[in-house]
Structures are given as structure tokens and as C-alpha cells.
1. Under 1.5 on a/c is rounded, so check that first for the range 117-210, then, if it is not, pick prolate when a/b is larger than b/c and oblate when it is not; a ≥ b ≥ c are the square roots of the alpha carbon gyration tensor eigenvalues.
2. Suppose we keep just the DSSP beta bridges with both residues in the range 4-275; what percent of those would be antiparallel, to 5?
3. So how far, in whole Å, is the C-alpha centre of the range 202-229 from the one of the range 94-163?
4. Of 9, 108, 48, how do they rank once you tally other Cβ atoms within 10 Å and put the fewest first?
5. Scaled to the compact-protein estimate 2.2 N^0.38 Å, what is the alpha-carbon radius of gyration of the range 216-275, rounded to two decimal places?
6. Counting each DSSP H run of 4 or more residues in the chain as -39500 (n - 2.57), what helix-only mean residue ellipticity at 222 nm follows after dividing by all residues, to the nearest 500 deg cm²/dmol?
7. Determine how many Å³ per residue the convex hull of the Cα atoms of the range 28-173 encloses.
8. Suppose each label sits 7 Å from its Cα in the direction of the beta carbon; what would the residue 52-residue 192 distance come out to in nanometres?
Ligand SMILES: [Zn+2]
């Protein structure tokens with residue numbers, strides 16, 4: 001069987017917003033970890049140029065406004081930019097959710113000249129309400145859920161979770177979900193975080209992460225032969241030297257296979273919709 005694998009390199013350019021919004025940091029040391037995101041982003045932009053790969057960047061409005069030069073370079077190089085909220089927060093109040101989604105859209109549209117058609121929830125905190133908002137706003141796709149691994153699917157509206165019966169699945173809606181997983185995300189593996197919620201050890205050897213990331217790719221390629229392989233990375237995390245070397249090695253490994261194609265998530269979502277009716 002001919003192999004048909006799409007590979008999405010995705011980068012969440014959380015930068016300082018992650019520490020302010022996600023971790024409520026106040027120290028300059030914590031905030032400077034986000035500042036390193038600029039260094040990582042510049043290295044990645046250069047590498048992607050060298051590899052001639054178009055990737056997808058989810059950028060909080062706060063990061064875009066803090067680092068307009070990074071957004072400019074990404075647009076100039078033809079990368080896709082998706083909505084990632086404003087200050088990397090997931091408010092509980094539906095009205096606040098709508099406001100943050102719209103603010104992210106407003107900033108990115110103003111800065112890139114294009115309205116984002118993709119969305120990833122900050123910290124993978126997608127709510128039932130947000131599904132409706134994405135549909136209302138005409139988003140093409142989301143990438144925050146883990147209901148499958150290598151196969152996109154349609155988001156559902158109207159899911160319910162009663163405590164006295166089975167889960168109730170709602171109706172498919174016209175927004176594609178391109179799933180992600182923490183296992184193919186650099187943050188839990190690599191980032192040491194000590195916060196009010198406890199300690200995340202991180203700081204994995206790149207060889208251990210390579211084993212996981214390549215292992216999932218090899219399974220997809222050898223056993224399934226068709227699907228979407230999505231990596232989720234953060235410039236402030238993957239941008240350290242030893243990790244970039246690991247990423248280089250993985251991209252070489254993936255690129256050595258026939259029937260694979262690096263694509264943006266928008267390209268994947270459009271292609272998938274053509275062969276999967278709602
Ligand atoms: Zn993020």
C-alpha cells in the first residue's frame with residue numbers, strides 16, 4: 001500500500017504570556033524564561049527556512065504584540081498563524097472566553113493581514129462552550145483534543161456528561177479537530193516547572209524524547225500507513241541546543257521516508273474535509 005502521511009510541525013509561541021497568564025509569575029526570572037522564546041523562535045525560523053518546511057504557529061495576542069518582528073518573519077516565510085488566546089488563559093466565564101478569542105483574532109488579523117482559521121486552546125483547556133464559539137466564528141479547525149491520535153475528526157456540539165448514565169455524544173459540526181497529545185509535546189518532557197500546583201520534573205534526555213517521538217512516527221508509518229503526525233513544540237522549550245539537535249535528527253528521519261509530506265494544519269484540515277463529509 002502506498003503511504004500517505006502528513007507531518008505538521010506546530011509551534012506555540014507562548015513566550016512571556018505563558019508565565020504571566022498560565023503560571024501567574026511575578027519574578028523577572030520566571031518571565032525571562034518566556035523571553036527566551038524569541039531566541040528559540042529565531043533559531044527555528046532559520047531551520048525551517050533551510051529545510052524548506054512550512055509550519056503552523058499558534059500565537060497568543062500578547063506574544064504577537066510583544067514580538068511583532070517574529071510575526072513579520074513568519075508571515076514573510078509563509079508559515080500559518082493560528083489563534084492561541086490572548087494571555088494564555090482559559091477563563092471559566094463564557095463571555096470572557098468569547099472576548100479573549102475575539103481579541104486574539106483581532107490582534108493577529110491586524111498584524112498578519114489574515115484572519116486565523118485555526119485555534120489551539122492555551123494549555124489544552126478547551127471547553128464545551130469554546131466549541132460553539134469556534135463554530136460561530138467560522139474556524140476551519142482546532143487542535144486541542146486527544147480523542148484520536150493520527151486521524152482528524154469533526155468536533156461535536158451538544159456533548160453531555162450526566163453522572164447517572166453514559167456519556168452523550170452530540171452532533172458533528174463543521175470544525176475539524178486535528179488531535180494533539182502531550183506525548184508529542186515538548187513541554188511536559190523538557191520543562192522544569194515549580195509552581196503552586198507542584199513540580200514538573202521535565203529536563204528529559206533528548207534521546208528519551210526522540211525514542212517516543214520517532215516511535216509514534218514509525219508506528220504510524222509502518223502499521224497504519226496513512227494519517228497525520230503532529231508535533232507540538234514551544235520555541236522557549238525546543239529552542240535549547242541539545243533539543244534542536246534532536247529535532248534536526250527527527251526531521252531527517254521522517255524526511256527519509258517515501259510518501260510523507262510536511263504540511264500546515266490548514267492544508268491538512270482542508271484536504272481532510274474534502275474526503276470526509278460532515
Ligand atoms: Zn500555549
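Bear in mind that the values in this text are calculations on the coordinates, not laboratory data. This one's a predicted model, so the numbers in the text were calculated from it and none came from an experiment. All Cβ positions, glycine included, derive from the backbone under ideal geometry; neighbour counts span all protein chains shown.
1. Note, shape of the range 117-210 comes out prolate.
2. 25 percent
3. Going from one Cα centre to the other spans 26 Å.
4. Ascending Cβ contact count within 10 Å gives the list 48, 108, 9.
5. Numbers: Rg = 13.4 Å, N = 60, 2.2 N^0.38 = 10.4 Å.
Its radius of gyration relative to the 2.2 N^0.38 Å reference: 1.28.
6. One gets -13000 deg cm²/dmol as the mean residue ellipticity at 222 nm.
7. Normalising the Cα hull of the range 28-173 by residue number yields 141 Å³.
8. About 4.1 nm, to one decimal.
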